Amino acid sequence: MPLDFQQNFDAKLELEIRVEPKDWMPEAYRKTLIRQISQHAHSEIVGMLPEGNWITRAPTLKRKATLIAKVQDEAGHGLYLYSAAETLGITRDEMITQLHSGKAKYSSIFNYPTLTWADIGAIGWLVDGAAIMNQVPLCRASYGPYARAMVRICKEESFHQRQGFEILLKLSQGNDAQKEMCQDAINRWWWPSVMMFGPSDTDSPNSAQSMKWKIKRLSNDELRQKFVDVCAEQVKLLNMQIPDAHLEWNEENGHYDFGPINWNEFYDVLNGNGPCNKERIAARIKAHEDGAWVREAAQAYAEKKARIISNNSEQESLMEKQLQTT
Amino acid sequence: MMEKQDWPLWEVFIRSRQGLDHKHVGSLHAADAQMAIENARDVYTRRMEGVSIWVAESKNIHASSPDESESLFEPANDKVYRHPTFYDLPDQLKHM
């Protein structure tokens, strides 16, 4: 009886009991989760590219090792999220096809280029910082596999932000050229990071329903405000500026006021006109195609082993039969 | 050509220290058991989380039905006497 199922589902949401893969759920709930989780997964995988760009040019061995570890983590995060999405009835193949065809989106922040080593610091501090701000409330999302993936991701994410800030801190204590490079990276990554939280909820079509379904726990604007408040304090330790002339502490409401966001740029990049959109997808398609022989070889090897094992057990039972009849 | 062949899904269980039990940590696709273990090592033990990895194909895991959990677990509901705190004994009693 569909009525009972709907009531059970509503009760679970009310009581903060997780919805699990085998539970009944509204078709629209399933669809929106598939969209959100798969796009989250794509973002992790595509996010490996701008940082991977600097692995061969990290200034020290320690920086190289920590950057590699961070990028490895992002691959793992993509996996946790693809796995969570698959519990809802979509296959990995379908999701990859959607990414490559442009049907599925990923976080538009990754369509910006990493031009200097300082960009790696800015990404760790600002982009991972914004991601953490977004991901902590998702640990309480109503869908069990998604929430649990987020708990694991959040644990791993904390070193990412510290790694980034440490890079910027070091640069900010360096020579003039290094300080300039640090400020320049902050100048280029600040506004795109602020835009990561998405449009104001009144302009965001999915927000209201996601909040009702307890997938989304805090509004875009709330998260964005928290982010600005936190960064405005952290930047002081760098002796750097946030590139916003309107950034100012508001004593009355206990938050930082900040300047207007250029939403035209956001939608432009989202629609494919960012500096690196084509490059990112091309890199993903190439990786998938270049890796095909590995997948085929693994498959062929597994099938060959299975054949040998089944041949052996056939021979064993044949021999047993012969022994019995003699 | 096995291009679009879906590899089986494996559930991964990790034991973190000698003597503890394996805990379920997640799942992954792999062509066979050895690949599943190696991938599990790469994905789920980056921070020295484990001394032992088990992998089992997801199709071999059978789960109780969530809709039946009330009736399935009902027998234990009224048996609080299985807990030590149910028994009221004087404080002077030691080693028990």
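The values are calculated or read from the model by the stated rules, or taken from the named source; none is laboratory data. Bear in mind that the values here come from a model prediction, so they are computed numbers and not experimental data. Using ideal geometry, Cβ is built from the backbone for each residue, glycine included, and neighbour counts are taken over all protein chains shown. Areas reflect the complete protein model, heavy atoms only, side chains present, ligands, DNA and RNA absent. Shrake-Rupley method; radii C 1.70, N 1.55, O 1.52, S 1.80 Å.
Structure notes:
- Against chain B, whose longest principal axis is taken from its Cα atoms, helix B:33-44 shows a tilt of about 70°.
- Estimated from the Cβ-Cβ distance and a Förster radius of 25 angstrom, the FRET efficiency linking A:HIS255 and A:SER158 is about 0.55.
- Carbon-plus-sulfur accessible fraction, segment B:1-61 (probe radius 1.4 Å, protein heavy atoms only): 53%.
- Candidates A:GLU316, A:GLU94, A:GLU14, ranked by Gaussian network fluctuation over chain A, Cα under 10 Å, top entry: A:GLU316
- Diffusion of the protein assembly as shown by Stokes-Einstein, at 20 °C in a medium of 1.002 mPa s and with Rh set to the Kirkwood radius over alpha-carbon pairs, works out to 86 µm²/s.
- Protein accessible area in chain A, 1.4 Å probe - carbon and sulfur %: 56 percent
- Those residues of segment A:20-39 whose amide nitrogen sits under 12 Å from the label point placed on A:ASP10, 7 Å along Cα→Cβ: none
- In the structure shown, the pairs A:LYS179/A:LYS226; A:LYS170/A:LYS214; A:LYS22/A:LYS286; A:LYS105/A:LYS155; A:LYS214/B:LYS79; A:LYS12/B:LYS59 are assessed against 30 Å; a Cα-Cα span above that value is assigned to A:LYS170/A:LYS214; A:LYS22/A:LYS286; A:LYS214/B:LYS79.
- Look at the stretch B:26-36: the mean tally of other chain Cβ atoms within 10 Å of its residues' Cβ atoms is 5.
- Gain on full stretching of the segment that runs from B:GLN18 to B:ASN77 - 0.36 nm per residue minus C-alpha separation: 17.9 nm
- Calculated log₁₀ intensity ratio I(q)/I(0) where the Debye formula runs over C-alpha points of segment A:80-132, q = 0.15, 0.19 Å⁻¹: -0.62, -0.81
- Here the label points at A:ASN264 and A:ARG30, each 7 Å from Cα along the C-beta direction, are separated by 4.3 nm in the simple model.
- Annotation for the B:A interface, with buried accessible surface near 2000 Å², both sides summed [1.4 Å probe; non-protein components not counted].
- Accessible area of chain A divided out per residue, in Å², using a probe of 1.4 angstrom: 52 Å²
- Listed residues B:ALA63, B:ALA31, B:ALA40, most fluctuating in chain B (Gaussian network, C-alpha, under 10 Å): B:ALA63
- Here the mean projected area of the convex hull built on the C-alpha positions of segment A:218-277 is 5.7 nm².
- Each other residue within a Cβ distance under 12 Å of A:SER313 adds +1 if Lys or Arg and -1 if Asp or Glu, for a net charge of -2.
- Once the 1.4 Å probe is applied to the protein heavy atoms, segment B:1-61 comes out at 63 Å² accessible per residue.
- Using Cβ point charges alone (K and R +1, D and E -1), the dipole size of segment B:1-61 about the Cα centre works out to roughly 320 debye.
- With the helix formula -39500 (n - 2.57) applied to DSSP H stretches of n ≥ 4, the protein assembly as shown reaches a computed 222 nm mean residue ellipticity of -18000 deg cm²/dmol.
- Largest mean-square fluctuation among A:ILE17, A:ILE37, A:ILE309, in a Gaussian network model of chain A whose springs join Cα atoms under 10 Å apart, belongs to A:ILE309.
- Alpha carbon Rg of chain B, scaled by the compact-globule rule 2.2 N^0.38 Å: 1.69
- You can think of it this way: the chain between A:LEU318 and A:VAL230 has 24.4 nm of extra reach, that is 0.36 nm per residue less the Cα-Cα gap.
- Accessible heavy-atom area order of A:PHE266, B:PHE13, highest first, probe of 1.4 Å: B:PHE13, A:PHE266
- Surrounding net charge for A:GLY164, when Lys and Arg each add one and Asp and Glu each subtract one, Cβ distance under 12 Å: -1
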